[in-house]
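To start, the structure under review is shown below, and the notes come after it.
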Amino acid sequence: MTQLVEVPQQDAFQQTEIGSIPADWSVQPLGSVATAVASGRSGSGSAQGGFPVHGSTGVIGYTEFPEYSGDAILVARVGANAGKLSFVSGRYGITDNTIQVRIGGGAVAAFVYRQLEAKRLNRFVFGSGQPLITGSQLKSLPLAFPSFEEQREIGTTLNDVDALLAGLDRLIAKKRDLKHAAMQQLLTGRTRLPGFEGKWKIKRIGDLTDCTAGGTPSTGVSEYWGGSIRWMNSGEIHLKRVQEVEGRITEAGLHSSSAKLIPPKCVLVGLAGQGRTRGTVAMNLVELCTNQSIAAIFPSFEFVSDYLYYNLDFRYEELREMSTGGGGRGGLNLTIIKAIPIPLPSLEEQTAIASALSDADDELTTLEMRRDKTRALKQAMMHELLTGRIRLI
């Protein structure tokens, strides 16, 4: 059975040009263990064939006649992804935008891949017009090597962690798809939760409640900033459930601008921005004020705020299309927000729908936290295993 054994003794290590490594490890350039470090051939593949063709951006097509087989490390050679790594096996093709590194029998390809991953190859990319990394650079990189058996154990262990991460990513994607499907059914009344029936009403937001935009105190007046009042900028709308924000303003800053204190449980909508901010929906869980690029829809006894949040969140693309300006490239405003029609079941059914979707969100959050912790664990494991601080025996 594989065991983790910590090696704390200082005299068990040697100092090398790449740092401190165990005394029984050796340092060799990548070129000494590679049987080939070369670019592929020009070509882009097609939609035909069952074997992938790899380029600098990943799989770019397929071929019926792959030129290569077996395990290899691929490094994007040029462009924005220069230095990006991938590990391939089986039969495949590669383009001339990709460097193929094939490892000989004296080293384990999976271990070498992890050593290169830890080196962050994008640090060696040069050239501003056309970012580039070369095979000569890769060949000269010094790597630390334990015995063949230990290389194999380290490679297998880190591969297992990657498999766990990939499984979590697939599960998260599946849960997101299920949540989206549930929103599509529940927020339109196509599917009703048990115990609910009756017709839904359609009302505009402006008929249900009021809404407001925020403001920004003058940044040139220091007395307006650093107080105790939470001030939310439009980038923080991506927090979705807003419990804390970075900005703080003073009472003087609040009264000198169009910023307004809003109560908890307002539905917030990003009004401007060419990125993903415009149309993004959030909800503040604490009292705060916002900048002028966020609309706040006040809570009301006429609807359940969480239900309205999910309804508008589901309609992100629709909100962006409502924006003023050609092709929806402008911004949203309060007039547009107030005119949005909302399908409304009873308050009890709104609460039940919001609760079901909130449960789905909680499950996603738990999985995402588990994935993030696993990623952090992997980074820590890589540092310890690839430097010999922890040995696999």
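The values are calculated or read from the model by the stated rules, or taken from the named source; none is laboratory data. All values derive from a computational prediction rather than experimental measurement. Glycine gets a Cβ as well: all are built from the backbone with ideal geometry, and neighbour counts include every protein chain shown. Surface areas here come from the heavy atoms of the whole protein model, side chains and all, with no ligands, DNA or RNA. Shrake-Rupley method; radii C 1.70, N 1.55, O 1.52, S 1.80 Å.
Roughly what % of DSSP beta bridges within the chain run antiparallel, to the nearest 5?
Beta bridges within the chain, antiparallel portion: roughly 90 percent.
Given the options Pro194, Pro142, Pro131, state which has the largest fluctuation in a GNM of the chain using a 10 Å cut-off (strictly under) for Cα springs.
Answer for the Gaussian network model of the chain: Pro194.
Would you mind checking which residues have amide H under 5 Å from Val242's amide H? H placed 1.01 Å from N; only 5 or more apart, or other chain.
Here Met283, Asn284, Leu285 satisfy the definition.
Glu223 to Arg41: extension gain in nm, 0.36 nm per residue of separation minus the Cα-Cα distance?
Difference between extended and current length: 59.2 nm.
In whole angstrom, how long is each semi-axis of the equivalent ellipsoid of the stretch 243-310, when you take the square root of 5 times every eigenvalue of its Cα gyration tensor and sort them from largest down?
Computed over the stretch 243-310, the values are 20, 16, 10 Å.
For the ranges 107-116, 213-222, 296-305, what's the packing order if you count other beta-carbon atoms within 10 Å of each residue, average per peptide, and put the highest first?
Final packing ranking: 107-116, 296-305, 213-222.
Could you do me a favour and compute the accessible area per residue for the chain, 1.4 Å probe, result in Å²?
Accessible area per residue, the chain: 50 Å².
Tell me, what is the percent relative contact order of the chain, built from C-alpha pairs under 8 Å that lie six or more residues apart?
Relative contact order, the chain: 17 percent.
Using modelled backbone amide H atoms (1.01 Å from N, in-plane), which distant-in-sequence or interchain residues come within less than 5 Å of Thr290's amide H?
Gly215, Met232, Lys260
Springs between alpha-carbon pairs under 10 angstrom, Gaussian network model over the chain: which of Gly70, Gly270, Gly330 fluctuates most?
Highest fluctuation among the options: Gly70.
Taking every pair of distinct Cα atoms and averaging 1/r, then inverting, what Kirkwood hydrodynamic radius in Å comes out for the stretch 238-393?
It is 18.3 Å.
³J(HN,Hα) across the stretch 217-225 via Karplus (A = 6.51, B = -1.76, C = 1.60, θ = phi - 60°), whole Hz, x for Gly/Pro?
x, 4, 6, x, 10, 5, 5, 8, 10
Quick check: at a probe of 1.4 Å, how many percent of the accessible area of the stretch 115-255 sits on carbon and sulfur atoms?
Ligands and nucleic acids excluded, carbon and sulfur give 51 percent.
If packing is taken as the mean number of other Cβ atoms within 10 Å per residue, what is the order of 280-288, 315-323, highest first?
Per-residue Cβ counts within 10 Å, averaged per peptide and sorted highest first, yield 280-288, 315-323.
Starting from the Cα gyration tensor of the stretch 289-352, multiply each eigenvalue by 5, take the square root, and state the resulting semi-axes largest first in whole Å.
The equivalent ellipsoid of the stretch 289-352 has semi-axes of 24, 14, 9 Å.
Based solely on its DSSP helices, what 222 nm [θ] is calculated for the chain when runs of n ≥ 4 H residues each add -39,500 (n - 2.57) and the sum is averaged over all residues, nearest 500 deg cm²/dmol?
Theoretical 222 nm ellipticity from helices: -10500 deg cm²/dmol.
Based on Cα positions only, what radius of gyration and what Dmax would you give for the stretch 77-125, in angstroms?
Gyration radius and largest Cα-Cα distance of the stretch 77-125: 11.6, 33 Å.
When a/c is below 1.5 the answer is rounded, else prolate if a/b is larger than b/c, else oblate, so apply that to the stretch 125-237 with a ≥ b ≥ c taken from the square roots of the Cα gyration tensor eigenvalues.
Here the stretch 125-237 falls in the oblate category.
Over the alpha-carbon set of the chain, divide Rg by the Kirkwood Rh and report the Rg/Rh ratio to two decimals.
1.09
Taking H placed 1.01 Å from N in the peptide plane, check which residues at least 5 places from Leu143 or on another chain put their amide H under 5 Å from its amide H.
Gln28, Leu30
Mind ordering 183-189, 169-175 by average Cβ neighbours within 10 Å, highest first?
183-189, 169-175
How big is the Kirkwood radius of the stretch 36-98, worked out from every pair of different alpha carbons and given in Å to one decimal?
Hydrodynamic radius (Kirkwood, Cα only) of the stretch 36-98 equals 11.3 Å.
Are any of the pairs Lys203/Lys373; Lys179/Lys203; Lys139/Lys174 more than 32 Å apart by Cα-Cα distance, and if so, which?
From Lys203/Lys373; Lys179/Lys203; Lys139/Lys174, over 32 Å: Lys203/Lys373; Lys139/Lys174.
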